[in-house]
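Below you'll find the structure, written out as structure tokens, and then a few comments.
The values are calculated or read from the model by the stated rules, or taken from the named source; none is laboratory data. What you are looking at is a predicted structure, and each value in this text was computed from that prediction instead of being measured. Here the Cβ is made from the backbone with ideal geometry for all residues, glycine too, and neighbour counts use every protein chain on show. To get the accessible areas, we keep the full protein, side chains included, count just its heavy atoms, and leave off ligands, DNA and RNA. Shrake-Rupley method; radii C 1.70, N 1.55, O 1.52, S 1.80 Å.
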Amino acid sequence: MTLIRKIIHVDMDAFFASVEQLDHPEYRGKPLAVGGNKERGVVAAASYEARKFGVRSAMASRLAAKKCPSLIFVKPRFERYKEISLEIRKIFLDYTDLVEPLSLDEAFLDVTVNHFGLPSATLIAKEIRQRIKTETGLNASAGISYNKFLAKVASDLNKPNGQAVITPEKAQAFLERLPIEKFFGIGRVTAEKMKSLGIHNGHDLKQYSLAFLTGRFGKSGLHYYEIVRGIHNSEVKPDRIRKSLGVESTFENDLMDIAAILDSLKEKILPEFFRRLERNQARGRTLTLKIKYNDFTVHTRSRTFAEPIPLDSMENLSLDLAQQEAITHPVRLLGVSLSNLSRSDEPGEQLKIRY
């Protein structure tokens, strides 16, 4: 007899904005955006009060301010968000060692076998959400199902501060009714392409053969063919391999010349970059400088070496990359990242994220 897995996806509700409202009572009940300002920048998170006006994460803050003139903008405090995220992860680990964080505000848990021998994943999810509320003051939503894909979809069904379960018996009917843009892993561009083919929901997608889908969508076609049938065998992985580690910053005022760029690298970006490398004991062989101009074009410059780059060489190397080519437009964003990573204590071991 095949053991049916019990997977929970926990997703914090408007996490960054909720933390700000938790710490600052004067923001509660008001439309709030984390990141950017009324003139420039990008919204990193929006409170539910702001979402009623159509404000969303990744929206240009100037547009957000037009949609909601009373919108309050606050600067993000990532160290605070991480602090609370780690508290929440400790709650997860009370129930299972199989916790796969996706970001600061969401994670998968495999509770098929759990520390308390509890038989119901639905009750475990309810208990976890209650503990999060009691111990942090924040609300979380959850989805429960027999695989990660369905758990992820389910966690969005009763937001905010709710949960939903998709059982194996109900999965097929649920997936056939699900709008194509709600399928986890199908982005806006792919959804539009599917709609042009007459695929508007899971039922429509199910009518197409594997050969057709792989012919139109490449390797992703197999994924689409399987998920609409409720097939998703990916396991919950406690350690995720990290591909790169970096820091980037969007400036309130564009940088107009190379002197301003070098100053920003030395004074703002590189100190935080080195702090993250030390915290993760990270080494890497490829250093990349990212430049976004005020016309939103992005250019990258990289250097790759046969051996991990010494920490004391990275500042000069970053500054050299900045001066490698002429700056063609005012600079809106700068970033530095390290890839081809390993741990500094074991150069041959890939760097894993451990929370």
Next on the checklist: Across region 87-246, what fraction of all alpha-carbon pairs, as a whole percent, falls in each successive 5 Å bin from zero upward?
Outcome noted: 2, 8, 16, 19, 17, 14, 12, 7, 3, 1, 0
Next on the checklist: Test of understanding: express the Cα radius of gyration of region 227-324 as a ratio to 2.2 N^0.38 Å, with N the residue count.
Outcome noted: 1.38
Item to check | Surrounding net charge for Lys159, when Lys and Arg each add one and Asp and Glu each subtract one, Cβ distance under 11 Å | outcome: -2
Checklist outcome for this item: Of every hundred units of 1.4 Å-probe accessible area on region 1-114, the number belonging to carbon and sulfur atoms, as a percent, is 58
Item to check | Over region 1-123, volume per residue of the alpha carbon convex hull, in Å³ | outcome: 127
Item to check | D_trans [Stokes-Einstein, Kirkwood Rh over alpha-carbon pairs] for the chain, 37 °C, 0.692 mPa s, µm² s⁻¹ | outcome: 144
Checklist entry - If all Cα-Cα distances of region 67-179 are sorted into 10 Å bins from 0 onward, what percent lands in each bin, rounded to whole numbers? => result 13, 41, 30, 13, 3, 0
Item to check | region 147-218: mean projected area of Cα convex hull, nm² | outcome: 5.3
Item to check | Loop sites in region 1-106: trypsin sites (Lys or Arg not before Pro), DSSP, at most 13 other Cβ within 10 Å | outcome: Arg28, Lys52
Checklist outcome for this item: If the chain between Glu192 and Glu39 were fully extended at 0.36 nm per residue, the gain over the current Cα-Cα distance would be 52.0 nm
Checklist outcome for this item: The set of residues whose placed amide H lies less than 5 Å from the amide H of Thr112, leaving out same-chain residues fewer than 5 positions away, is Lys6
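Taking every pair of Cα atoms in region 173-262, average 1/r, invert it to obtain the Kirkwood radius, and report Rg/Rh to two decimals.
Looking at region 173-262, the ratio lands at 1.23.
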Next on the checklist: Given an 8 Å cut-off on Cα distances and at least 6 residues of separation, report the relative contact order of the chain as a percent.
Outcome noted: 14
Checklist entry - So, counting K/R as plus one and D/E as minus one, what does the shell of residues with Cβ under 11 Å around Ile227 add up to? => result +3
Item to check | Residue-span extension gain [Asp204 to Arg77] - 0.36 nm each, minus C-alpha spacing | outcome: 41.4 nm
Item to check | Cβ-defined net charge surrounding Glu39, 9 Å radius [Lys, Arg +1; Asp, Glu -1] | outcome: +2
Item to check | Centroid-to-centroid separation of region 1-64 and region 184-228 [C-alpha atoms, Å] | outcome: 29
Item to check | Residues with amide H under 5 Å from that of Val165, placed H, sequence gap 5 or more | outcome: Ile144
